[in-house]
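Below you'll find the structure, written out as structure tokens, and then a few comments.
The values are calculated or read from the model by the stated rules, or taken from the named source; none is laboratory data. The structure presented is a predicted model; accordingly, all values stated were derived computationally and were not measured. Note: ideal-geometry Cβ built from the backbone for every residue, glycine included; neighbour counts use all protein chains shown.
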Amino acid sequence: MENKVKLQIDKQTIEVSEGSTILDAAKSVGIDVPVLCYHPDLSLHGACRVCVVEEEESGELLASCAAPVNAGMKINTRSIKARKARRRNVELLLANHPNDCLGCNRNGSCELQDITYDLGITKEDIERVSGAVREHEIDDVGPALRRDLNKCILCGRCVRICEEVQGVSALQFTQRGFNSVVTTAFDMPQRDVNCANCGQCASVCPVGAINEKSEIEKVWSALEDDDIHVIVQTAPSIQATLGEEFGMRAGSVVTGKMVAALRRLGFDKIFSTDFAADLTILEEGSEFLKKLEGEGTLPHITSCCPGWVKYAEHNYSDLLNHLSSAKSPMQMFSALGKTYYPQQSGVKAKDVYTVAIMPCTAKKFEKNREEINATRFKDTDAVLTTRELARMIKEMGINFSKLADEDFDELMGTSTGAGTIFGTTGGVAEAAVRTVKEKLTGEPLEQLNLGFRGVNFAEVEIGDRTVKIAIANGLGNAEKLLEACREGDCECDFIEVMACPHGCVGGGGQPRPATKEKKIKRGTGLSGIDDKSVVRKSHKNPQVIKLYKEFLGEPMSGESHHLLHTTYKSRPKN
Amino acid sequence: MNETIYRSHVLVCTGTGCVSSGAKDLKTTLEKELTAKDMSGEVKIVETGCHGFCEKGPIMIIYPEGVFYCEVNEKDVKEIVDEHLLKGRTVERLLFKEPMTEEQIPSYQDIDFYKKQQRISLKNCGHIDPESIDEYIAVGGYEAAGKALTLMEPQEIIDELKESGLRGRGGGGFPTGLKWQFARNTESDKKYVICNADEGDPGAFMDRSLLEGDPHGIIEGMMIAAYAIGADEAYVYVRAEYPLAITRLEKAIQDAEEYGLLGENIFDSGFNFKLHIKEGAGAFVCGEETALMNSIEGKRGMPKPRPPYPSVSGLWGKPTNINNVETFANVPYIIKEGAEAFSSIGTESSAGTKVFALTGKINNTGLVEVPMGTTLREVIFEIGGGLDKNKKFKAVQTGGPSGGCLPEEYLNLPIDYDSLLDAGTMMGSGGMVVMDEDSCMVDVARFFLNFTQSESCGKCTPCREGTKRMLEILNRITEGEGREGDIELLEELGDHIKSTSLCGLGKSAPNPVLSTITHFRKEYEAHINHQNCPAGACQDLLSTYVIAAEDCIGCGKCAKVCPVDAISGEIKGVFAIDEDVCIACGACEPVCPVDAISQG
């Protein structure tokens, strides 16, 4: 039995589990003490001191996020002393902040702005404690992320997620005192360090200090140009996350509204990356089959996640030959967008402009990889995050929640449940095994049920062979799994890695704020689509079957090898 | 055993202070001279640790007479050998002269600076060769550890510590026995002991002197602590800027290992103990225990919220007991002499002695160890020999850069943890800076805050942003740009930073400002309301100088001495001072042969 502790919060006597923080205890009586550095998925930091509350007997101010409850404690969250202290710390942060909310990317979704409003802090309050302001150059060279340290409030969430969850540590505190700054080694552009571009830093940033490098204007220009034929693909997870930007519950599935909104924005064709995910399964599945038959190196490791691929290039160059040569669904789609699509539609390849709506900031990097282009053109012209798409929809005044559902366009818009679950952890493995097992044995696969754990394992009987599967989401978990493989503690045949916690539903380009709780709901939303799908196996996707029949031939054949497969290169560890 | 019996021992202090004033050369010269006179078989030279009177270094004591020579340099060696060592005549000119009485004192114990001290933790410093484990053992070293490991149960040791009343000497003043008890009570397969030797207070050097002068004493204290709490591994976290301390500690560890005093099954007790040195890079905040542990773990030295306290979850998540160097230095004494012997010294709430780094505008500066309860007046006027140049006492700051300043009416305050806290300052690690009438208290507060502000780790908002704002306000006040309401804002920010900062650095950083506002508010008001610095220390508030044209004879002497070229004119003509350039240093005034220059 868990021990309980009795205490008082604002005169209410409550009982909470021993070891709870005052913040948790307050939450249980309906009081959300304001927080900035605190994040439920990260270690306790206790730095912003915005969550201080008063302990009545000692008169001490305690950081509620970090202070554990004690039996008999009397906490006052609303005393003048506590209120003043919280306000003062926010004022001190604002005194060293640009406060140019109107021009800030986070206007309306900024946690500092919300707290300032909730606490009723005025311009005069801030001026009273104003003085020197730190100034930093903006890291705008991209391609994935943009850092504006002038807006950084040094809450350390990005540092913690990069170190604790991702195991990358691309960002750290440097300097001391007032000159403290969160930056990369030697203050280099994020592009030039061991950053995986996963964007988890951006996803937890409470203010506008780290964002995706925006490509919105580029896309508007393409849409404006009548000579350009703009086709768009939407990644599997977007349909389960975009709704949050419009006030819907996490996990709400908005596929039809999303398609309708994209039509209203002026895209010529609305396609689905899920279609390309099915295609990926056929290519990668065939590759895996060959490896199972002894051609190539096991374990087979997935390569659809560009954050993971770059991380592997930095840290696991010895394992690069295990990575699937299959491109990510986005890049497969784009390569076909400039070959197969023109062939089928009659639009000239040179006029096709491919836009990808992605949950991901690393995709912005991926599209620029030198070796990735299979056509004479740049295969993917622009990548927009979920957040960027929402911004475009908002700018146009499209009443998203009122839109009637519409369908994807034909040719590259149909997908199976297997393609859809690419957007959540374990989905790629599940989709691959569904196809591989059926192709080899003719028997269907029972559910793998890999769930939402950071690392998980499953075994599947395929014919007379037991295929061992492992998945990891979050680069820190990937490291654990791969180190175990290196040590020989984990004998696997198939490893799925997603750079972001919970997979693409937890991607760095998804709506903010994002917590584990929300990510699980998003993943559940995607699984729901799969559950309801009539066709749930990639090799049964009629449009994929047509594609092979009319254009590619066989998986891993000459044409598909040329268009749909790629190579990797070793990168320095730091 | 065939040991040479020497007729004289010459103790040459080779602590960092004396080394920097030439002790190494002094020793070499002395060796040569003794060899030349064929006396090296009769006179033994011993390198010792610090005597605490570094200002008077290099220091040399000659036994058996116990004659104390100060400010000895190479040129004096011949005379010392010829007169003292050969003819038995004291070299009077090298004796210490009491600043108040001008009396020359030949013997160490009779000098006021030492007479009023009671040395427990510093007892071996300056008296034994710190690089000789045999000398440490000869003066009773490792007896306490032997007693603890072979005759006492761990709980008995903790009880003895509790009874002794020893409190943490690093500044917090937390009861040491209780701290050990917490670490003992936490069950774990692995525990650590850490010695905090990240001495960061400007001017404080007791930890360095202890490590340099008596490294085995610290090892012994740590060993007893480890046995008591159930640890088998320990770290001494010492600043890399203390190379001599590190070298001596390394030597001491090596010797202790060779003697079986470190390692496995010590004293056949089944107790194992391994000791490491971790060099810190000198960040002030690494003296904070959680930041220190982060630093040992290879992370950035940033404090973490407590609880969990180190005794529950410390180094690498294991129960850890951290004490300061001076705290450990007291442990062997307590175990050997008993709790009562220790608790009989000092006051009821603060037992034992405390080492202070006495400095500032006084005659005798250095390390002093006095019983708790000694008054500020005794330390400053009796041990410290009163104020330099007979200036008037204005304030004393205790507790390092984040301590408070106390004015004259507090001189009779007995020094202990609680009375200092009540008076608005703190014990800290034992810094004590004396200020005279020429010290501007606003400027003093600014100086200390500038230090803590730039040493803030930058983690928590109040310390990072708040101290910067306070410093900006102090800067403008000392520049004559103070505004109405600035004092109140300083008080408000100071209270705020103290009550909401994450660690001890922020919680105490405003002390110098708040205490000077309490005791010297008028000085702040003079700066703000009248752009006047009563102490005449704030450069920007001093009025510039002018030359009376009718008196000037055009000699140009003033222009020659002006460091900023503010004075121009033609020889035999009339010179003038550019008031925008003049820094009011006053260099020109005394050189004018006709007294034509005055402050405008």
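Brief remarks on what is shown
- Scanning region B:464-485 for residues that are within 18 Å of A:SER130 (Cβ to Cβ) and crowded, with 19+ Cβ neighbours inside 10 Å gives B:ARG464, B:GLU465, B:GLY466, B:THR467, B:LYS468, B:ARG469, B:MET470, B:LEU471, B:ILE473, B:LEU474, B:ILE477, B:GLY482.
- Subset of region A:82-97 that is facing chain B (nearest Cβ under 8 Å) and either touching a Gly at 6+ places or on another chain (Cβ under 9 Å) or on the phi > 0 side of the Ramachandran plot (or both) - its residue that is surrounded by the most Cβ atoms within 10 Å (Cβ to Cβ): A:LEU92
- Candidate set from region A:180-202 (those that are within 14 Å of chain B (Cβ to nearest Cβ) and modelled with pLDDT of 95 or more); member that is surrounded by the fewest Cβ atoms within 10 Å (Cβ to Cβ): A:VAL181
- Residue in region A:249-259 that is in the same structural domain as A:GLN343 (by TED's automatic domain parsing) and in contact with a strand residue (DSSP E or B) (Cβ under 7 Å, 6 or more places away or on another chain) present: yes
- Taking the criterion of being at the interface with chain A (Cβ under 7 Å from one of its Cβ atoms) and farther than 22 Å from A:LEU94 by Cβ, the residues of region B:454-509 that qualify are B:SER454, B:GLU455.
- Criterion (under 12 Å from the mean Cα position of the chain (by Cα) and surrounded by fewer than 24 Cβ atoms within 10 Å (Cβ to Cβ)) met by exactly one of A:PRO555, A:PRO513: A:PRO513
- In region A:217-232 there is at least one residue matching the filter, namely being crowded, with 24+ Cβ neighbours inside 10 Å and either at pLDDT below 95 or out of contact with any Leu (no Cβ under 8 Å at 6 or more places or on another chain) (or both).
- If you go through region B:491-525 and keep only what is among the polar types (S, T, N, Q) and part of a helix (DSSP H, G or I), you end up with B:SER499, B:THR500, B:SER508, B:ASN511, B:SER515, B:THR516, B:THR518.
- Close Cβ contacts (under 6 Å, 6 or more residues apart or on different chains) running from residues in region B:448-469 that are farther than 21 Å from B:ARG306 by Cβ to residues that are hydroxyl-bearing (Ser, Thr, Tyr) and assigned to a helix (DSSP H, G or I) comprise B:GLN453/B:THR467.
- Scanning region B:486-524 for residues that are within 22 Å of the chain's Cα centre (by Cα) and either surrounded by fewer than 23 Cβ atoms within 10 Å (Cβ to Cβ) or without any contact (Cβ under 8 Å) to a residue 24 or more places away in the chain (or both) yields a total of 2.
- Helices (runs of 4 or more DSSP H) contained in region A:368-484 and holding at least 3 residues charged (D, E, K, R) and crowded, with 18+ Cβ neighbours inside 10 Å: A:427-441
- For B:ILE528, the conditions (1) without any contact (Cβ under 8 Å) to a residue 40 or more places away in the chain; (2) closer than 25 Å to B:GLU579 by Cα; (3) more than 11 Å from chain A (Cβ to nearest Cβ); (4) not in a loop (DSSP other than H, G, I, E, B) all hold with the exception of (1).
- Pairs with Cβ under 6 Å, 6+ apart, first in region A:443-462 and within 23 Å of A:LYS518 (Cα to Cα) and assigned by TED's automatic domain parsing to the domain that holds A:ALA478, second charged (D, E, K, R) and crowded, with 18+ Cβ neighbours inside 10 Å: A:LEU448/A:GLU430
Every residue, every condition in (1) assigned to a loop (DSSP other than H, G, I, E, B); (2) within 13 Å of chain A (Cβ to nearest Cβ); (3) within 19 Å of B:GLY317 (Cα to Cα); (4) under 30 Å from the mean Cα position of the chain (by Cα), yes or no:
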site	(1), (2), (3), (4)
B:ASN265	no, no, no, no
B:ASP268	yes, no, no, no
B:ASN272	no, no, no, no
B:LEU292	no, no, yes, yes
B:GLY298	yes, yes, yes, yes
B:LYS304	yes, yes, yes, yes
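- Identity of the residue in region A:67-81, surrounded by fewer than 24 Cβ atoms within 10 Å (Cβ to Cβ), without any contact (Cβ under 8 Å) to a residue 60 or more places away in the chain and within 11 Å of chain B (Cβ to nearest Cβ), that ends up farthest from A:ARG160 (Cα to Cα): A:LYS81
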